[in-house]
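Here the structure is laid out as structure tokens; the discussion comes afterwards.
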Amino acid sequence: MQLGLQIASLWWSQCPLLATSRRLCIRLRFITSSSSAKATHWLDEECDDFLPWLEQKAGVEISSVLSIGKSAYGRSLFASKAIQAGDCILRVPYSVQIAPDNALPEINSLLGDKVGNVAKLAMVILVEQKMGQASEWAPYISRLPQPGEMHSTIFWSEGELEMIRQSLAYQETLNQKAQIEKDFLAIRPVLHRFPNFFEDTTFKDFAHAYSVVGSRAWGSMKGLSMIPFADFLNHDGVSETDVLTDEDKKWSEVIADRNYAPGEQVLIRYGKFSNATLLLDFGFTLPYNIYDQVQLQLKIPQHDLLCSMKLELLHRHCTPTVKDVNGFNSSWDSFTIKEVRSARGKGRGIPQSLRAFARVLCCTSPEELIDLAMEAEQNDGRLARCPLKNKSREIQAHHILLSRVTQLIEEYNASIKSLGPVNSPSMSEKLALRRQMSRDLLTGELRVLKSAYAWLKNYCVNLTTTNCTISDEIGRLRTIQGNEA
Ligand SMILES: C[S@@+](CC[C@H](N)C(=O)[O-])C[C@H]1O[C@@H](n2cnc3c(N)ncnc32)[C@H](O)[C@@H]1O
């Protein structure tokens, strides 16, 4: 049944959050279901007409088991009836999805390949917004988040961004802003050609539309599309549900991964995203995110007499730069560390490539480096993946990592301390929220670092205090690699 389905993932991202539930004008209806004490939810009367409108436009039923409501996450979808795992809970045909092709042909032809799909889709949103009630998408467009409701770090002030300077999210935010500016420059001539739509369009409007697209559009074989109704689903990092697209049937659908009682909020997983990604792309964080990660960079000191030989060796054997699911790069000198579940466990989370770098770093003679190169050639070509034969050198290599991790732990502790209290009577709601999200981000990354510290410490202590020899360690490593393969 699932063979024809392609998994679509939420594209690049960004968005608003809690602020929507505080808007005074929203009328809410409190519903209690008799089947479960927990089965209570807020129906959003403002959206009563939404599903009937979309179903009429599509000419088919989209969902018979979901209703639109409000939760702490903003607009949300709730089970209106009991849902069983495996049930299809919504199905949105392509005909009512908004894709870059929906742009007016005269605008599309001018945009050409100069800008990416996010910018193109943002232009579609801007045109529909300008058309107001005359837009065929008005009921959808009017439900998109307003600028004041967006909390992606691209909307943070410089002072607010300082709170997360320690995290990679800081640099990624600057990169994202630079990309939006570049796209805006590229579309400006087109904006000028269509003053009836874009006369008053500012960079801020474009950035808002860009961010709305980023946090609500799914990438699929069809390209990038906004999927009305499905985009009211909020994120849960442990859900196994995704939005699927069926190219043959030309629809996107969601299959429940578990049972839901009437009144329960239905959640999906946008992706295996860290808090840095959730914050940058969607404007929220999770209090505890199992996908948190930290980027660790190592340098070969220039005063190292073997610096150029080490660099040459590392470059020759380095694996190509890879982008992880969060879109962040790992390269030859920067490594992604994930939480190591157990200090005594298998060491997943401390990348082998990072340990290899440290082993190369602590070599003190050309002979040692030549030995490593030969060993790599005799094995699978990868450098320094096995523990060094010289036990004290192996410990030294891991001490280099320990000291780098310790330094980062100190820096994170200082950053968290400098955040100050998350709430005070004089603080605006917006700042309190952003401070809380900064805290979630930094404490999650600190947790990852502490787990790496515990693992490295345990490894060094084991090598120092036990009779464990390097050949025992090599055997242990081979078993791990075998298990992981
Ligand atoms: C695809 S939209 C989901 C619908 C959205 N709640 C709304 O009001 O339209 C994604 C946005 O929902 C909010 N959101 C989703 N999951 C969340 C969560 N677990 N915690 C907080 N906010 C969440 C964020 O504002 C995010 O940018």
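A short reminder: the numbers here are calculations on the coordinates, not readings from a lab. Just so we're clear, the structure is a prediction, and the values are computed from it rather than from any experiment. As a convention, Cβ positions derive from the backbone with ideal geometry for all residues, glycine included, and neighbour counts pool all protein chains shown.
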*Residue by residue through segment 267-295, note down the ones that are away from the ligand (no atom under 12 Å from the Cβ) and surrounded by 23 or more Cβ atoms within 10 Å (Cβ to Cβ).*
Ser274, Ala276, Asp292, Gln293, Val294
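Just give me the residues in segment 270-323 being of a type in the set (A, V, I, L, M) and not in a loop (DSSP other than H, G, I, E, B), in sequence order. Spell out how you get there, then give the answer.
First pass over segment 270-323, keeping only residues of a type in the set (A, V, I, L, M): 276, 278-280, 286, 290, 294, 296, 298, 300, 305-306, 309, 311, 313-314, 322.
Within segment 270-323, Ala276, Leu278, Leu279, Leu280, Val294, Leu296, Met309, Leu311, Leu313, Leu314, Val322 qualify.
For segment 142-180, which positions are assigned to a helix (DSSP H, G or I) and of a type in the set (A, V, I, L, M)? Spell out the reasoning first.
To start, the set of residues in segment 142-180 that are assigned to a helix (DSSP H, G or I) comprises 147-149, 153-155, 158-162, 168-180.
Selection gives Ile154, Leu161, Leu168, Ala169, Leu174, Ala178, Ile180.
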*Would you pick out the residues in segment 64-94 that are away from the ligand (no atom under 16 Å from the Cβ) and without any contact (Cβ under 8 Å) to a residue 40 or more places away in the chain?*
Ser64, Val65
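Mind checking which residues of segment 348-399 are β-branched (Val, Ile, Thr) and surrounded by 14 or more Cβ atoms within 10 Å (Cβ to Cβ)?
Going residue by residue through segment 348-399, those that are β-branched (Val, Ile, Thr) are 350, 360, 364, 370, 395.
Residues satisfying the conditions are Ile350, Val360, Ile395.
Is one or more of the residues making up segment 97-117 of a type in the set (A, V, I, L, M) and exposed (fewer than 15 other Cβ atoms within 10 Å of the Cβ)?
At the first step, the residues of segment 97-117 found to be of a type in the set (A, V, I, L, M) are 98-99, 103-104, 107, 110-111, 115.
In the following step, the residues that additionally are exposed (fewer than 15 other Cβ atoms within 10 Å of the Cβ) were identified as 104.
Checked against the condition, which is being of a type in the set (A, V, I, L, M) and exposed (fewer than 15 other Cβ atoms within 10 Å of the Cβ), segment 97-117 yields at least one hit.
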